[in-house]
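The values are calculated or read from the model by the stated rules, or taken from the named source; none is laboratory data. What you see is a predicted model; the values in this text were computed from it and never measured. Please note: Cβ atoms are built from the backbone with ideal geometry, for glycine as well, and neighbour counts cover all protein chains shown. With ligands, DNA and RNA removed, areas are computed over all heavy atoms of the protein, side chains included. Shrake-Rupley method; radii C 1.70, N 1.55, O 1.52, S 1.80 Å.
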Amino acid sequence: MRVPDQTQPTTMHEGLPSDAVGRRVACDGERGTVRFVGTVPPTAGLWLGVEWDNPDRGKHDGSHEGVHYFTCRHPKGGSFVRPKKASFGVDYLTAIRRRYEMEVQQVLGEEIQISTRTVEMVGFEAITEKQKVENLTDVALRLCEVSSPGPANEIRNTTPHVLMLDLCGNLLCCWDDVMAVTEQMEELKELQLSHNRLRVPSNPTVRPRAFSCLRVLSLTNCALTWPQLLECAPMWPLLEELYVSENDITELQKPNNVLQSLTVLDLSTNPLVDGTVLSIGELPRLENLNMSKTGLSTLRFEDALPGCKTAMFPALKTLSVNSNNISEWSVINELEKLQSLVRLSCRQNPLLSQERNPGTAMQLLIARVGRLEALNRWTVLPEDRRGAELDYCKMFGLEWLASGGHRDPQQNRPSAEFTAQHPRYQSLIQKYGAPEDSELKKQEPFALKNQLLSITFVCPDETDRKSVVKKLPDSMIVQKVKGLLYRLLKIPGAELKLSYTSSKMEGKEIEIDNDLKPLQFYSIEDGDKVLVRWL
C-alpha cells in the first residue's frame, strides 16, 4: 500500500497554519488531531486527514482507495474533511474576551435598557467591577476551542489572579502551550485539562514556574499512558490530587522521586494489569485511591502474613474498587492488612452477588475489615460492627472448631489454612468470646419452610390502621408484594412506596425501590418491619 508524504507543499493554502499536521481541530462539535494535509486523488483540492477523539465520528483508518494517508489508533477513527469545515481554534486571550468581557458588556447593555428609574441602577457598578477580567480567580474556558496562549506576557496582565483554570475539551496540542499559559498565573492551584490530547514536552522542567503552586490536576480522557504521566510528573512538584480516569493506563511503574506529595489518585476506568497497583504502594501521603472499573480481580501484600499489617499504602484511608472482577474473599482479607483503611466502596463485584443475601455480604465485609467506618457510602455504626462480627463468629464457628480451634485458649490451635481464610477470627474470639454450641450456625438445606419470612406491614402515616403480619417467601418479588398489599389494605389506585427497618440496623430505614427484585435482594429477614406509604 502506497504511503504519501504527509506534509505536501500545499499546507499554506486556504489559510492553513504551516504546522497544521499535529494541530488540534474542531468540526461539528467533535475534536480531533490533524494527521495529514494534502490532496486525496481522484478528488480535487486540499483535505485534512483527521484522527478523531471520538472514533465513532470517523469512517476509516486513514486509508482511501488502497493508499494509506495517515495512521489512527482506532480502525474507524479517521476521516478526511475540507479545511474550511475545521477550526484550528483561538488563543487564550481571545477566548477570555469572548467568554467574560462580552458578558460584562451584555450586563451593561441590560442596565441601559432598564435604567428608566434611578433606583434600578443601585449596585450595578459594584457588580461590573467585580466581574472585570483582571479580578477573576476562577476561569472557565471549557469547550472554547483554546489552542494557544496568545501574545507573550499578555495573560499576566489580563488574568493575573487565577487560582482555578478550566481548559477541558479544548484544542491545545502540547504541554508547552499549556505551560506558556500557566507560567503567567503564579497563584494557580487547580488545573482542569480533561478531554485534551497533549504531546509530552521535550524538557518537562524547562519552565519551573509553570506549575509551581499547582495542587489539583485533572487529566480525564486524555489518551495518556502511565510512562507518559511519569515523564510529565517533574512539572508538578507540589501536586496533591491527580485525576486520570478513562485513559490508556495499563501497567503502573514506581514513581521514583515524583508524585510523592499525592493524597488523591483516581485511576478508575483504566485497563490495569492485575498486581500492578503495588507499584505505587510506597507513595507516602496517598489517602484516597479510586480503582473502580479497572478489571481488578486479585491483590496480595507479600510483606505481611495473615492478621498482620502491610507497610504498603501507609496513609491510605479511602479505597474504591467498584465494578471490578473481585470474586474471592481473599482479596478482602488482603485489604484488612492496610493499616489506615477506614472507607471502602466495592459495589458491583461478583463476590457480593455470590451471597444469596446481600445483607450477609455486607456483614461479612464489615467483619473482615476491622477498621471500616464507611462501607459502600453507608456509615458503619458501632452496633453494626458488633452485630456483623458476632454473626461472623457464629457463622464460621463450626469450621473453626473442626480446624483445631478450641474454647480453651491453651488448646486453641486452628489450622494455618483456616487462619489464612479468616485472619480476624482469632482476634474476634478474644474480643467476644467463643460462640456457644447453641449459637453455631449450620447451613440449612433448601426447603420452602426455611425460606419463609415473617414480615410485619405497618402504615406509619395511617395510625388508625392495624399492622398486618404475613409469612412470605424471600424469593417473592416486590411487585407481587405490592399486589398483595393492595388486596390486604384495600388501597384504591394509589402508588405504593415501601421501605423497611431491621433490628440489626436500628434507626435506619432502607428504601425498597425496585419492583422486579426479590425480598432477599434487600436483605429483608425474618421479623423485619416493612413500612407502607402511598401517594
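A quick yes/no check of all residues on (1) over 22 Å from residue 216 (Cβ atoms); (2) open to solvent by less than 20 Å² (accessible area, probe 1.4 Å):
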residue: 289; (1), (2): no, yes
residue: 308; (1), (2): yes, no
residue: 317; (1), (2): no, no
residue: 329; (1), (2): yes, no
residue: 333; (1), (2): yes, yes
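Inside the range 155-199, residues that are within 17 Å of residue 243 (Cα to Cα), open to solvent by 50 Å² or more (accessible area, probe 1.4 Å) and assigned to a strand (DSSP E or B) make up a count of 1. Here 390, 278, 364, 352 are screened, and the one residue that is out of contact with any strand residue (DSSP E or B) (no Cβ under 7 Å at 6 or more places or on another chain), of a type in the set (A, V, I, L, M), assigned to a helix (DSSP H, G or I) and closer than 25 Å to residue 261 by Cβ is 278.
Taken together, the residues in the range 362-380 that are free of Cβ contacts under 8 Å to residues at least 40 places away in the same chain, at negative phi and surrounded by fewer than 19 Cβ atoms within 10 Å (Cβ to Cβ) amount to 5.
Counting only strands (runs of 3 or more DSSP E) that sit completely within the range 477-535, zero hold 3 or more residues that are modelled with pLDDT under 80 and assigned by the TED database to the domain that holds residue 460. Would you check if residue 321 is within 26 Å of residue 245 (Cα to Cα) and in contact (Cβ under 8 Å) with a residue 24 or more places away in the chain? Here the answer is yes, as residue 321 does meet what is asked. Given 239, 272, 252, 229, which one is under 23 Å from residue 292 (Cα atoms), outside any loop (DSSP other than H, G, I, E, B) and in contact (Cβ under 8 Å) with a residue 12 or more places away in the chain? Criteria check complete, one pass: 229.
Scanning the range 51-80 for residues that are in a loop (DSSP other than H, G, I, E, B) and of a type in the set (S, T, N, Q), we see that the one that is nearest to residue 221 (Cα to Cα) is 54.
Here's the yes/no breakdown for (1) under 18 Å from residue 174 (Cα atoms); (2) crowded, with 19+ Cβ neighbours inside 10 Å; (3) assigned by the TED database to the domain that holds residue 342:
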{"site": "229", "(1), (2), (3)": "yes, yes, no"}
{"site": "236", "(1), (2), (3)": "yes, yes, no"}
{"site": "242", "(1), (2), (3)": "no, yes, no"}
{"site": "245", "(1), (2), (3)": "no, yes, no"}
{"site": "280", "(1), (2), (3)": "no, yes, yes"}
{"site": "284", "(1), (2), (3)": "no, no, yes"}
{"site": "294", "(1), (2), (3)": "no, yes, yes"}
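Look at (1) of a type outside the set (A, V, I, L, M); (2) open to solvent by 30 Å² or more (accessible area, probe 1.4 Å); (3) under 24 Å from residue 503 (Cα atoms) and you find that residue 417 fails only one, number (3).
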